[in-house]
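The values are calculated or read from the model by the stated rules, or taken from the named source; none is laboratory data. Every value quoted in this text rests on a predicted model; they were computed, and no experiment measured them. A quick note on method: Cβ atoms are made from the backbone with ideal geometry, for glycine too, and the neighbour counts reach across all protein chains shown.
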């Protein structure tokens, strides 16, 4: 299937305007970092539909459709420590906010730890299937936006050059399972469960499941708040200065809360990748 290379000129103009935003939020006085409960308190009003991309009940996509055609596509991959205790619902306010920019937004649910077939590698296999589904449905290579464990899965997916992916915006991504699993914390304690172990055993499989930055050839922006208590700077140290954006005083969930200055930074990073790739070779000739 040939994938469409061109987005409407109105979206190109919109992205250029957004890209001109020079992270002015950095200079603003920021409030206390938002909590996960504050994200859960957000509502969603825009029309959206659920679409299956596989046979398992968790293999679903939430789509926020646009009225036009050929809008740039985004696939949002939620976090939650790879655990089925956290679902796509908490990412829907962010998906709605992105759709208000004129983007064709899809939010992926996928099998996680606690689901049959979830963990390594089932969770990644689901994300790859979701990418193929969105590309087939839209005729566009989607931009992946992944948060935390979702950032890990997005970055692992883009290592596969056969997948139709425009680029990745990784929000507080977990990249190194060996070092992350050695840390103390509830999310860190999920690493061995994700890897199918009872206890933390940093085998070769942990290294294979970690992100290999040098295998990624598509555009990447990694964004981390410097007040993030869940994902530290050691997880983003391998990104180049051009790839990495640090947001002062922002916490882990500021990046996915649409009403924070940090989210303005996220929108600008999304706009920059689209402005650099629309009409470029980011759209492959064939699926």
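Brief remarks on what is shown
- Residue 150 surrounded by fewer than 23 Cβ atoms within 10 Å (Cβ to Cβ) and either in a strand (DSSP E or B) or modelled with pLDDT of 95 or more (or both): no
- Residue within segment 127-134 that is outside any helix (DSSP H, G or I) and either buried (at least 19 other Cβ atoms within 10 Å of the Cβ) or in contact (Cβ under 8 Å) with a residue 40 or more places away in the chain (or both) present: no
- Residue in segment 245-262 that is farthest from the chain's Cα centre (by Cα), counting only those that are part of a strand (DSSP E or B) and under 12 Å from residue 171 (Cβ atoms): 247
- Residue in segment 160-177 that is surrounded by the fewest Cβ atoms within 10 Å (Cβ to Cβ), counting only those that are touching a helix residue (DSSP H, G or I) at 6+ places or on another chain (Cβ under 6 Å) and farther than 19 Å from residue 147 by Cα: 163
- The one condition in (1) exposed (fewer than 15 other Cβ atoms within 10 Å of the Cβ); (2) touching a helix residue (DSSP H, G or I) at 6+ places or on another chain (Cβ under 7 Å) that residue 203 fails to fulfil: (2)
- Helices (runs of 4 or more DSSP H) lying entirely in segment 2-105 (those with 1 or more residues that are under 20 Å from the mean Cα position of the chain (by Cα) and modelled with pLDDT of 95 or more): 36-40, 92-99
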